[in-house]
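The values are calculated or read from the model by the stated rules, or taken from the named source; none is laboratory data. Keep in mind that this is a model prediction, so the values were computed, not measured. Don't worry about glycine lacking a Cβ; one is built from the backbone with ideal geometry, like all the others, and counts go over all protein chains shown.
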Amino acid sequence: MSALGHYLEEEGVATVAIALIRPQAEHTRPPRALWVPFELGRSFGPPSDAALQKRVLSSALGMLVDGGGPVRIIDFPDDDPRVRPDPTWQPPLAAAAVISGAAESLAAALQAEVMQLQDAHQRWTARYGRSTVGLSGLSIADCARYVADWLSGKAPPSLRDGFSAPLTLRFAVDDLKAYCLEAAGAGTARPSSQQLADWLWNGTATGAALHALRELLLTQEDERLRLIVANFVVPAARLRTG
């Protein structure tokens, strides 16, 4: 988008980029860019913080009227409020008893955990009136069952017309991660993204199952399947080493 800004400006359209990676913006040299210190995918900050999001938007649009350029990058002055942990937050479930072991055990624990989180997720959706779960087009129980089948070595067919099996798997995994993280934020506390990610990847059967799924499917012959599980099942920052 930073490079695209130059073409738009040549046609007389003023642009401002929201940059999440400052070195990248410095390299592509957009006409104007506001660097923000937020997570990838959250250009306007954490969800449900309308006041902060409005300040980001105002800062970006302000670059159109306060002069400077033609290449200019400024820093958004606020820190990400979700970086700070909330000591009052408690996860919706205690740390999973099954966080390693046989694939069949992890598959069963994943499905059980999804059902245990159902009430918490319903509270979250009632509070916010929305959910990011739904990419796969499957119910969350079917998402868990579909991932569990892959983990158990069944290589099931796609459950959705027009989607390949690897793509259905990717979206089912995305729905499971969103479901768990939304359920974890159901209370009145405001946990940091770090708190939520630590819980998902270190303290849940879902996280353990996704780690095992990635390791298992990276050995498969299907190149498309290997590409998807290598890049979209477990975030790079959460990959296990050693």
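So the values come out like this:
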{"quantity": "Any chance Ser136 is small (Gly, Ala, Ser), surrounded by 14 or more Cβ atoms within 10 Å (Cβ to Cβ) and closer than 20 Å to Leu213 by Cβ", "calculated": "yes"}
{"quantity": "Selection within segment 48-67 - without any contact (Cβ under 8 Å) to a residue 40 or more places away in the chain and under 23 Å from Gln194 (Cβ atoms)", "calculated": "Asp49, Ala50, Ala51, Leu52, Gln53, Arg55, Val56"}
{"quantity": "Conditions (1) under 24 Å from Ser48 (Cβ atoms); (2) part of a loop (DSSP other than H, G, I, E, B): number failed by Leu138", "calculated": "(1)"}
{"quantity": "Boolean, Arg130 is more than 19 Å from His211 (Cα to Cα), charged (D, E, K, R), without any contact (Cβ under 8 Å) to a residue 24 or more places away in the chain and outside any helix (DSSP H, G or I)", "calculated": "yes"}
{"quantity": "Among the candidates Arg190, Arg240, residue that is surrounded by fewer than 17 Cβ atoms within 10 Å (Cβ to Cβ), in a loop (DSSP other than H, G, I, E, B) and in contact (Cβ under 8 Å) with a residue 24 or more places away in the chain", "calculated": "Arg240"}
{"quantity": "Filter pass, Glu182 being charged (D, E, K, R) and crowded, with 21+ Cβ neighbours inside 10 Å", "calculated": "yes"}
{"quantity": "Matching entry among Ala33, Ala25, Ala14 (being assigned by TED's automatic domain parsing to the domain that holds Phe76, part of a helix (DSSP H, G or I) and in contact with a helix residue (DSSP H, G or I) (Cβ under 9 Å, 6 or more places away or on another chain))", "calculated": "Ala25"}
{"quantity": "Filter result for the condition that a residue is modelled with pLDDT under 95 and not in a loop (DSSP other than H, G, I, E, B), over Leu196, Leu169", "calculated": "Leu196"}
{"quantity": "Residue that is farthest from the chain's Cα centre (by Cα), among those in segment 75-95 that are modelled with pLDDT of 90 or more and surrounded by 14 or more Cβ atoms within 10 Å (Cβ to Cβ)", "calculated": "Phe76"}
